[in-house]
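Engineer: Below you'll find the structure I mean.
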Amino acid sequence: MTFVSVTRLRIRSVRFVPAFLIDTWLSARQVQRAGGYLGGQVLADRRHAYWTMTVWDDAAAMRAYMTAGPHRRAMPKLMRWCDQASIVHWLQDDATLPDWSEADRRMRGEGRVSKVHRPANGHDPMTFPSPRVTAGVRLPPHSTSPRT
């Protein structure tokens, strides 16, 4: 069984986008080298919404990534930068990346909202538009990524 993690964030103001994109780039470099990382994708959606999807050997590998390095430093900023944020996790039989419609279905059915300082309509309950699935960028694991 593999562990799937999906996040959706919407940046509440264009003034936060440059710093968010820098942190996203640093976190993407980090994840590609993380132990137990099997693959992932980032989707830039409309109205400054961003989805991430990652597949891991297990939940412990994802947590080790999440609580270290650039990702850990970025997380506290998101409460101020975002007006919508949600996350969902599930187990699946293989390491194949689900499609974005499955990620959206799981997010709405099983996901939970994350705390933001200035929630917008669509945050809770999760009534945001379905993702536009034409702009995903794959994040393959780095070839020397250690496996657990």
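Readers should treat all values here as calculations from the given coordinates under stated rules, not as data from a laboratory. The structure presented is a predicted model; accordingly, all values stated were derived computationally and were not measured. Positions of Cβ are backbone-derived with ideal geometry, glycine not excepted, and every protein chain shown enters the neighbour counts.
Engineer: How high is the relative contact order of segment 68-140, in percent, with contacts defined as C-alpha pairs under 8 Å that are six or more residues apart?
Structural biologist: This gives 39 percent for segment 68-140.
Engineer: Also: Is it possible to state the helix-based mean residue ellipticity at 222 nm for the chain, with each DSSP H run of 4+ residues giving -39500 (n - 2.57), the sum divided by total residues, to the nearest 500 deg cm²/dmol? What is it?
Structural biologist: It comes out at -10000 deg cm²/dmol, rounded to the nearest 500.
Engineer: Mind ordering 108-118, 8-18, 43-53 by average Cβ neighbours within 10 Å, highest first?
Structural biologist: 43-53, 8-18, 108-118
Engineer: All other residues with a Cβ under 14 Å from the Cβ of residue 50 taken together, and with Lys, Arg as +1 and Asp, Glu as -1, what is their net charge?
Structural biologist: Charge balance in the 14 Å sphere: +3.
Engineer: Still on this structure: Using +1 at the C-beta of Lys and Arg and -1 at the C-beta of Asp and Glu, which of 37, 11, 71 has the Cα lying farthest in the positive direction of the dipole of the chain?
Structural biologist: 11
Engineer: What's the local net charge at residue 140, with K and R +1, D and E -1, over the other residues with C-beta under 13 Å away?
Structural biologist: +3
Engineer: Follow-up question, since we're still on this one. What length, rounded to one decimal in nm, is gained on full extension from residue 47 through to residue 80, with 0.36 nm per residue of separation minus their alpha-carbon distance?
Structural biologist: Computed gain between residue 47 and residue 80 is 10.2 nm.
Engineer: Around residue 66, under 12 Å between beta carbons, what's the net of Lys plus Arg minus Asp minus Glu among the other residues?
Structural biologist: Overall, the nearby charge balance is +3.
Engineer: Once you have the Cα-Cα distance between residue 73 and residue 16, take 0.36 nm times their residue separation minus that, and quote the gain in nm to one decimal.
Structural biologist: Gain on extension, residue 73 to residue 16, equals 19.0 nm.
Engineer: Charges at C-beta only: +1 for Lys and Arg, -1 for Asp and Glu. How large is the resulting dipole of the chain about its Cα centre, in Debye rounded to 20?
Structural biologist: Rounded to the nearest 20 debye, it is 760 debye.
Engineer: Something else: I'm spelling it out carefully: the read-out is Kirkwood radius over Cα pairs in Å, the candidates are (1) 15.4; (2) 16.3; (3) 16.9, and one was derived from this structure. Which label?
Structural biologist: (1)
Engineer: Between residue 138 and residue 95, what is the label-point separation in nm under the 7 Å Cα-to-beta-carbon projection?
Structural biologist: 1.3
Engineer: Tell me the relative contact order for the chain as a rounded percent, counting alpha carbon contacts under 8 Å between residues six or more apart.
Structural biologist: Over the chain, the number comes to 37 percent.
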